[in-house]
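Please treat every number below as a calculation from the coordinates, not as lab data. Keep in mind it's a predicted model, so treat the numbers as computed, not measured. Don't worry about glycine lacking a Cβ; one is built from the backbone with ideal geometry, like all the others, and counts go over all protein chains shown.
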Amino acid sequence: MKEDRQSPFRDAHSDRDTARHVPDTPQSRSPAYRLAFADNDFLCRDELRPVRLQLELLKPELFLNERGIESTVVLFGGARIPDPANKESARTRTLAELSRYYDVAREFARLMTIKSIETGCREHVIVTGGGPGVMEAGSRGAHEAGGISIGLNIVLPHEQAPNHYVTPELSFNFHYFAIRKMHFLMRAQAICIFPGGFGTLDELFESLTLIQTGRMERVPFLLFGRAFWEKIINWDALADAGTISESDLDLFRFVDSAEEAVRLIDNWKPAPPRDIIPDR
């Protein structure tokens, strides 16, 4: 994206284009001659990791700032949960039953996007991992409401393309999981967790730990599907063992419908970060 520049110096785009048309000689063909910022092999060297980390943090931040996006609603959830229209092809009976959460995520995103549109799509913009399953449902609901959604994809060994409902100008791709996670939470005004697997659990506990330890302000933290979450995680056992505080169980809420989630977010009273960790 080329910007209006205030500098009197020649811009990088022009020099990059000029360098492509220099005479073909042994010297100009040498990797040493390539402009550093236009040399992909150089940028992928191990020594350049700090630069790549910085670029992955900076690029989405600039794009989101240019769109004026101030706050987001995060949807985490399983890539394997199918659209109910396709539930008969689900790998397991349980996945077929969980397909109803595709529709819940879709409706929740639609309702939140209607509110977002009222702010000019600056507040409460839906952000997902950009892939299939629950992520697709969230992007789809935002699209059907006539709004925008952000997709934060990650390069995986198996091919994964962005779902077709993410706003193209806000469809990002990451190499570093850590930087991707930062972008999920940097503008988060609510965190919504739908049934999922390892990736969803990782996102759930990392986000919850940031709030538990006071590294992040308290925001509505909603677990969709009480029966699912209480079956796979024994929350009370953690408190009984003393590995978490009893009050940590108040950091999140169970919900089972889109409407219930929207009501909780609408009635949320802002809360500052914790300044102590209870029972330590």
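Could you tell me whether Asp202 is surrounded by fewer than 14 Cβ atoms within 10 Å (Cβ to Cβ) and more than 24 Å from Glu123 (Cβ to Cβ)? No, not satisfied.
Within the stretch 33-45, residues that are over 14 Å from Thr18 (Cα atoms) sit with their Cβ atoms under 8 Å from residues that are of a type in the set (Phe, Trp, Tyr), at 6+ positions apart or across chains, in these pairs: Ala36/Phe42; Leu43/Phe37.
Residues are listed down the side, and each one gets a yes or a no for (1) in contact with a helix residue (DSSP H, G or I) (Cβ under 8 Å, 6 or more places away or on another chain); (2) small (Gly, Ala, Ser); (3) part of a loop (DSSP other than H, G, I, E, B):
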position: Ala190; (1), (2), (3): yes, yes, no
position: Lys231; (1), (2), (3): no, no, no
position: Asp240; (1), (2), (3): no, no, no
position: Thr243; (1), (2), (3): no, no, yes
position: Arg263; (1), (2), (3): no, no, no
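Being farther than 23 Å from Lys181 by Cβ, among the basic types (Lys, Arg) and free of Cβ contacts under 8 Å to residues at least 24 places away in the same chain narrows it down to one of Arg29, Arg106, so name that one. Walk me through it before giving the result.
Working: Arg106 fails: free of Cβ contacts under 8 Å to residues at least 24 places away in the same chain.
When all the criteria are applied, what remains is Arg29.
For the stretch 69-127, a tally of residues being part of a loop (DSSP other than H, G, I, E, B), farther than 17 Å from Leu222 by Cβ, more than 16 Å from the chain's Cα centre (by Cα) and not basic (Lys, Arg) returns 8.
Could you list all residues from the stretch 239-261 that are touching a residue at least 12 places away in the same chain (Cβ under 8 Å), more than 15 Å from Gly225 (Cα to Cα) and surrounded by 14 or more Cβ atoms within 10 Å (Cβ to Cβ)? Ile244, Ser245, Asp248, Leu251 - these are the residues of the stretch 239-261 that are touching a residue at least 12 places away in the same chain (Cβ under 8 Å), more than 15 Å from Gly225 (Cα to Cα) and surrounded by 14 or more Cβ atoms within 10 Å (Cβ to Cβ).
Kindly indicate whether Leu208 is of a type outside the set (D, E, K, R), under 30 Å from Asp103 (Cα atoms), in contact with a strand residue (DSSP E or B) (Cβ under 8 Å, 6 or more places away or on another chain) and not in a helix (DSSP H, G or I). Criteria not met by Leu208. Could you list, in sequence order, the residues of the stretch 52-68 that are over 25 Å from Phe221 (Cα atoms), assigned to a helix (DSSP H, G or I) and in contact with a Leu (Cβ under 9 Å, 6 or more places away or on another chain)? Within the stretch 52-68, Arg52, Leu55, Phe63 qualify.
Take the residues in the stretch 25-61 that are among the charged types (D, E, K, R) and closer than 30 Å to Ser71 by Cα, then tell me which one is surrounded by the most Cβ atoms within 10 Å (Cβ to Cβ). Here the residue is Glu56. Candidates in the stretch 77-115 are the residues that are farther than 22 Å from Gly146 by Cα and among the small types (Gly, Ala, Ser); of these, the one that is surrounded by the most Cβ atoms within 10 Å (Cβ to Cβ) is Gly77.
Identify, from the list Gly151, Gly196, Gly138, the residue that is under 28 Å from Thr92 (Cα atoms), in contact (Cβ under 8 Å) with a residue 12 or more places away in the chain and assigned to a strand (DSSP E or B). Before the answer, list the steps.
On the way: Gly196 fails: assigned to a strand (DSSP E or B); Gly138 fails: assigned to a strand (DSSP E or B).
None of the others qualify; the one that does is Gly151.
Considering the conditions (1) of a type in the set (Ser, Thr, Tyr); (2) surrounded by fewer than 19 Cβ atoms within 10 Å (Cβ to Cβ); (3) within 21 Å of Arg67 (Cα to Cα), Tyr176 is excluded by exactly one of them, (3). Of the candidates Leu222, Leu170, the single residue that is free of Cβ contacts under 8 Å to residues at least 60 places away in the same chain and among the aliphatic types (A, V, I, L, M) is Leu222. Free of Cβ contacts under 8 Å to residues at least 12 places away in the same chain and not aliphatic (A, V, I, L, M): does that describe Asp202? Yes. Only residues that are aliphatic (A, V, I, L, M) and crowded, with 24+ Cβ neighbours inside 10 Å were counted across the stretch 132-157, and they come to 6. State all residues of the stretch 4-24 that are out of contact with any Phe, Trp or Tyr (no Cβ under 7 Å at 6 or more places or on another chain), surrounded by 10 or more Cβ atoms within 10 Å (Cβ to Cβ) and in a helix (DSSP H, G or I); if no residue qualifies, say none. The answer is His13, Asp15, Arg16, Asp17, Thr18, Ala19.
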